[in-house]
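These notes concern the structure reproduced below.
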Amino acid sequence: MNLHEYQGKELLASYGVAIQRGIVAKTADEAVEAAKELTTTTGTSWHVIKAQIHAGGRGKGGGVKLAKSIDEVASVAGTILGMQLITPQTPPEGKKVNQVLVAEDVYYPGASEPSEFYISVLLNRATGKNMIMYSTEGGMDIEAVAEATPHLIFTEEVDPALGLLSFQARKVAFNLGLSGMAFKEMTRFVTALYNAFVGSDASLFEINPVLKTSDDKIIAVDAKVTLDDNSLFRHPDFEDLRDLSEENPVEVEARAVGLNYVDLDGNVGCMVNGAGLAMATMDLIKQAGGEPANFLDVGGTADAARVETAFRLILKDPNVKAILINIFGGIVRCDRVAQGIVDAYKNMGDAIQVPIIVRLQGTNADIAKELIDSSGLNVLSAVAFQEAADKVQEAIG
């Protein structure tokens, strides 16, 4: 589950991470009031207006602007709110901006020049350890830094059983070239950031940039936070942070009815029971010359109502040219699934205009095949993987 910047910063602050302070606003008038409140509480006279969407590169698309007066806050916020913001990480049509973060200006003059760093925390699946990735090249696309100057990217792996040790936090500050008060501030920042990552069961924290201010404070100027959906049962309050308007509407609908669905860009819809079989089925579709249009795991219950719901979700995608149903009947009997497919097909009438290939293996698979073949519907049965692949290839031409 992705969070907006302002939500990520609130989460970080709750663990003691120093952040650039700001107030979220949904109208230009609210933005003005937020700016006035920030001026009173922080003393800032300039304000940064940031579009709140689930995508990076907002500044490149015109979604981050500096306002040097209250009047400018109103005009800048009014311009950003409601715009279709297009960035390298949005769909081609962009994303509509429904709210902005009015933030304090932290690039003020002082004894030294501000410096920007990159810090992220994530899981290194190859080693089974959490990893802090960091660089002196903050404010830039980390992919570009990795490609052009890989020696400027550092990593520090943390054993989850031990947690972040104090020498590791100091090593991060040292490699970033810090000293004095800034060094101490960075060690505190990194420690609090790691504790927030573990405490919130996150899968990614990315702070770009982390700023060393002109008076040697270390603060998070941005925050990209992704929480692990599988851990939300431990954090029921996090569910309120979900912004459904930023998520794929079909995926939202599938989640509401208990189906595991991920929208993709292909032309063959998938309906499978079990995540492993679903991945194999997508490989099968690629082998047949097609592209999977979705990942859909119907689970162990594949009755007519559930199959019909799955059909309707898949058919919301106009690019689907065929549907492949691949079910292994272990807990659920194949003949029950087959009957569910037939009943769902009949219930939907003319709504299904694409060929359906059904491969059922396991308990009562022979009875299931007979049910499909004798149904008189535009449903093709298959037994072997290759047979299913051939029929998919034939269906999509």
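The values are calculated or read from the model by the stated rules, or taken from the named source; none is laboratory data. The model shown is predicted, which means the values in this text are computed figures rather than measured ones. Heads up, the Cβs are rebuilt from the backbone with ideal geometry, glycines too, and the neighbour counts pull from every protein chain shown.
Below are the figures for this structure:
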| item | result |
| --- | --- |
| Phe174 out of contact with any helix residue (DSSP H, G or I) (no Cβ under 6 Å at 6 or more places or on another chain), of a type in the set (Phe, Trp, Tyr) and more than 24 Å from Val24 (Cα to Cα) | yes |
| Lone qualifier among Leu241, Leu204, Leu232, Leu211 - being in contact (Cβ under 8 Å) with a residue 40 or more places away in the chain, within 23 Å of Arg21 (Cα to Cα), hydrophobic (A, V, I, L, M, F, W, C) and in contact with a helix residue (DSSP H, G or I) (Cβ under 6 Å, 6 or more places away or on another chain) | Leu241 |
| Residue match in region 273-287 (condition: closer than 25 Å to Val250 by Cα, among the small types (Gly, Ala, Ser), surrounded by fewer than 19 Cβ atoms within 10 Å (Cβ to Cβ) and at pLDDT 85 or above) | yes |
| Residue match in region 343-355 (condition: out of contact with any Phe, Trp or Tyr (no Cβ under 7 Å at 6 or more places or on another chain) and of a type in the set (S, T, N, Q)) | yes |
| Any chance Thr90 is touching a strand residue (DSSP E or B) at 6+ places or on another chain (Cβ under 8 Å) and either on the phi < 0 side of the Ramachandran plot or assigned by TED's automatic domain parsing to the domain that holds Lys217 (or both) | no |
| Segments classed as strands (runs of 3 or more DSSP E), wholly inside region 311-397, with at least 2 members that are hydroxyl-bearing (Ser, Thr, Tyr), farther than 21 Å from Ala280 by Cα and over 33 Å from the mean Cα position of the chain (by Cα) | none |
| Set Tyr108, Tyr118: member being touching a residue at least 40 places away in the same chain (Cβ under 8 Å), aromatic (Phe, Trp, Tyr) and in contact with a helix residue (DSSP H, G or I) (Cβ under 8 Å, 6 or more places away or on another chain) | Tyr118 |
| Answer residue from region 112-146, given it is among the charged types (D, E, K, R) and part of a strand (DSSP E or B) and is nearest to Pro160 (Cα to Cα) among those | Lys129 |
| Of the criteria (1) in the same structural domain as Val198 (by TED's automatic domain parsing); (2) touching a helix residue (DSSP H, G or I) at 6+ places or on another chain (Cβ under 6 Å), which one Ala13 fails | (2) |
| Residue match in region 139-161 (condition: within 24 Å of Ala13 (Cα to Cα), without any contact (Cβ under 8 Å) to a residue 12 or more places away in the chain and over 21 Å from the mean Cα position of the chain (by Cα)) | no |
| Those helices (runs of 4 or more DSSP H) lying entirely in region 1-98 with at least 3 residues touching a residue at least 60 places away in the same chain (Cβ under 8 Å) | 5-14, 28-42 |
| Any hit, region 296-304, residues being over 20 Å from Gln361 (Cα atoms), touching a helix residue (DSSP H, G or I) at 6+ places or on another chain (Cβ under 6 Å) and either modelled with pLDDT of 90 or more or not in a loop (DSSP other than H, G, I, E, B) (or both) | no |
| Checklist (1) closer than 16 Å to Leu122 by Cα; (2) at pLDDT 95 or above; (3) surrounded by fewer than 16 Cβ atoms within 10 Å (Cβ to Cβ); (4) not hydroxyl-bearing (Ser, Thr, Tyr) applied to Met181, failing item | (1) |
| Test: residue in region 255-272 that is part of a helix (DSSP H, G or I), buried (at least 17 other Cβ atoms within 10 Å of the Cβ) and aliphatic (A, V, I, L, M) | no |
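For (1) free of Cβ contacts under 8 Å to residues at least 40 places away in the same chain; (2) assigned by TED's automatic domain parsing to the domain that holds Gly269; (3) out of contact with any Asp or Glu (no Cβ under 9 Å at 6 or more places or on another chain), each residue gets a yes or a no:
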{"position": "Asp335", "(1), (2), (3)": "yes, yes, no"}
{"position": "Gln339", "(1), (2), (3)": "yes, yes, no"}
{"position": "Ala344", "(1), (2), (3)": "no, yes, no"}
{"position": "Ser374", "(1), (2), (3)": "yes, yes, yes"}
{"position": "Val379", "(1), (2), (3)": "yes, yes, no"}
{"position": "Ala388", "(1), (2), (3)": "no, yes, yes"}
